[in-house]
Amino acid sequence: MMGILMRVAGVTWVLSRFTLVLCIFFLMSCSKSILISEGEPKLRTHLIKIEKFKFLPKTLVVGKGDYVRWENQDIVPHQIAEGTQQKWRSRNLLANDSFTLKIHDSTSYICKLHPTMQAEIVVRFMEE
């Protein structure tokens, strides 16, 4: 009789451990899918003001794929262009005009009409 009870207790112990492992596996798989859907970075739009022949801020930190919008608050036109390789350029921005660009890489930029105006955008990568 004692042997039967020991076998039943052993089977119960194995089943309870198996059930526990299944529950943990299920919870981990559910939480992983929730984290993936909630953990996706949200793209933002950052503002750079052009004011008194300066870019404000002079250094802007953004996430990869974020948008940057330059607003000309001067009374003279400005033209923004990538500083080293000339990969992109805005049209001439008149007073109260703006230019928006999706940013993928860190870059420096200048005003083509006023080359002393210089600034940079630094792309930070999300920690995994």
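The values are calculated or read from the model by the stated rules, or taken from the named source; none is laboratory data. For clarity, every value in this text was computed on a predicted model and none was experimentally measured. Because the Cβ atoms are built from the backbone with ideal geometry, glycine has one as well, and the counts that use them run over all protein chains shown.
Results, tabulated for the structure shown:
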{"quantity": "Checklist (1) surrounded by 13 or more Cβ atoms within 10 Å (Cβ to Cβ); (2) in contact (Cβ under 8 Å) with a residue 40 or more places away in the chain applied to Ser106, failing item", "calculated": "(2)"}
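The rows are residues; the columns are (1) within 12 Å of Trp70 (Cβ to Cβ); (2) in a loop (DSSP other than H, G, I, E, B); (3) polar (S, T, N, Q).
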{"position": "Arg91", "(1), (2), (3)": "yes, yes, no"}
{"position": "Ala95", "(1), (2), (3)": "no, yes, no"}
{"position": "Thr100", "(1), (2), (3)": "yes, no, yes"}
{"position": "Asp105", "(1), (2), (3)": "no, yes, no"}
{"position": "Tyr109", "(1), (2), (3)": "yes, no, no"}
{"position": "Leu113", "(1), (2), (3)": "no, yes, no"}
{"position": "Thr116", "(1), (2), (3)": "no, yes, yes"}
{"position": "Ala119", "(1), (2), (3)": "yes, no, no"}
{"position": "Val123", "(1), (2), (3)": "no, no, no"}
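Let's see how each residue does on (1) modelled with pLDDT under 95; (2) over 17 Å from the mean Cα position of the chain (by Cα):
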| residue | (1), (2) |
| --- | --- |
| Cys23 | yes, yes |
| Met28 | yes, yes |
| Glu40 | yes, no |
| Val62 | no, no |
| Asp66 | no, no |
| Asp74 | no, yes |
| Asp97 | no, yes |
| Lys112 | no, yes |
| Arg124 | yes, no |
